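The next block holds one structure in the form of structure tokens; read it before the comments.
The values are calculated or read from the model by the stated rules, or taken from the named source; none is laboratory data. Source: prediction; values computed, not measured. Neighbour counts are summed over all protein chains in view; Cβ atoms, including those assigned to glycine, are modelled from backbone coordinates with ideal geometry.
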Amino acid sequence: MTKVGGISEARRIAWMAEDNGITYVPHGWNTALGLAADLQLASACQNTQLVEYLTGSPFIDDLVEVPWKLDADGMLPVPDAPGLGVSIDLDAVEKYTGLQLHS
């Protein structure tokens, strides 16, 4: 998602994969927002069952207010809150970027 030009371009890639009988597996490994976007797109694709992501990365694990958690089947549920389904922890963003986001 974050490497190909965003949601619209990733959707085009997923459609091309589907049209050619190729399984689309997004790689949501770089940030919590990228992972959330990949999960949302994967849930809308017929032939997509998996999203690859990295654990142990503060940019994935620490940036969201509600931590990612595998379900009883070992799968990562698709967030169902508005937007991409996640809320960002602004304190963590400040910690890892050095940007001051609070007034």
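Within the range 18-42, work out how many residues are over 20 Å from VAL64 (Cα atoms), out of contact with any Ser or Thr (no Cβ under 7 Å at 6 or more places or on another chain) and of a type outside the set (Val, Ile, Thr).
The total comes to 4.
Out of the range 41-53, which residues are in a helix (DSSP H, G or I) and either surrounded by fewer than 20 Cβ atoms within 10 Å (Cβ to Cβ) or touching a strand residue (DSSP E or B) at 6+ places or on another chain (Cβ under 7 Å) (or both)?
Result: SER43, ALA44.
Would you confirm whether any residue within the range 13-20 is loosely packed, with under 13 Cβ neighbours inside 10 Å and small (Gly, Ala, Ser)?
For the range 13-20, residues loosely packed, with under 13 Cβ neighbours inside 10 Å and small (Gly, Ala, Ser): absent.
Test of understanding: among ALA32, ALA36, ALA17, ALA92, which residue is modelled with pLDDT of 90 or more, under 16 Å from LYS3 (Cβ atoms) and more than 14 Å from the chain's Cα centre (by Cα)?
ALA17
Being part of a loop (DSSP other than H, G, I, E, B) and among the aromatic types (Phe, Trp, Tyr) narrows it down to one of TRP29, TRP15, so name that one.
TRP29
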